[in-house]
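Below is one structure, written out as structure tokens; comments come after it.
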Amino acid sequence: DPEYQPTFRNNIILSGGGSLIGGIADAIANEISDIGDVTVTCVDDPIEKVATGAMALAQDMPDEQYTSIN
């Protein structure tokens with residue numbers, strides 16, 4: 001939906017191992033800046049944050065989905 005694009009472009013958050021690449025946030029912002037204003041940030045301690053997010057997702061997953069993964 002076009003009306004939400006500015007909100008999403010100004011809230012790009014990087015985590016995980018890829019966000020440890022030096023200058024990655026600026027590089028991504030530069031690559032997509034032609035479509036409008038962008039804000040790209042990297043979280044502090046990205047490896048821990050991705051693990052924390054995965055744990056939160058796993059704990060919130062319905063049992064029937066979990067058993068289908070196994």
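The values are calculated or read from the model by the stated rules, or taken from the named source; none is laboratory data. All of these numbers come straight from a predicted model, not from anything done at the bench. Counting neighbours? That spans all protein chains shown, and the Cβs are built from the backbone with ideal geometry, glycine included.
Can you tell which of GLU64, GLU48 is more than 20 Å from ASN10 (Cα to Cα) and either at pLDDT below 90 or in contact with a Cys (Cβ under 8 Å, 6 or more places away or on another chain) (or both)? Lay out the reasoning, then the answer.
Values: GLU48 fails: either at pLDDT below 90 or in contact with a Cys (Cβ under 8 Å, 6 or more places away or on another chain) (or both).
After applying the criteria, what remains is GLU64.
Is it the case, given these coordinates, that ASP45 is within 21 Å of PRO2 (Cα to Cα) and either under 12 Å from the mean Cα position of the chain (by Cα) or among the charged types (D, E, K, R) (or both)? Let's see the steps before the verdict.
Details: within 21 Å of PRO2 (Cα to Cα): no; either under 12 Å from the mean Cα position of the chain (by Cα) or among the charged types (D, E, K, R) (or both): yes.
When the stated conditions are applied, ASP45 does not pass them.
Write out, first by first residue and then by second, each pair whose Cβ atoms fall under 6 Å of each other, whose residues are 6+ apart or on separate chains, and whose first residue, in region 25-46, is free of Cβ contacts under 8 Å to residues at least 60 places away in the same chain while the second is basic (Lys, Arg) and part of a helix (DSSP H, G or I).
Here the result reads GLY36/ARG9; VAL38/ARG9; VAL43/LYS49, each pair linking region 25-46 to a residue that is basic (Lys, Arg) and part of a helix (DSSP H, G or I).
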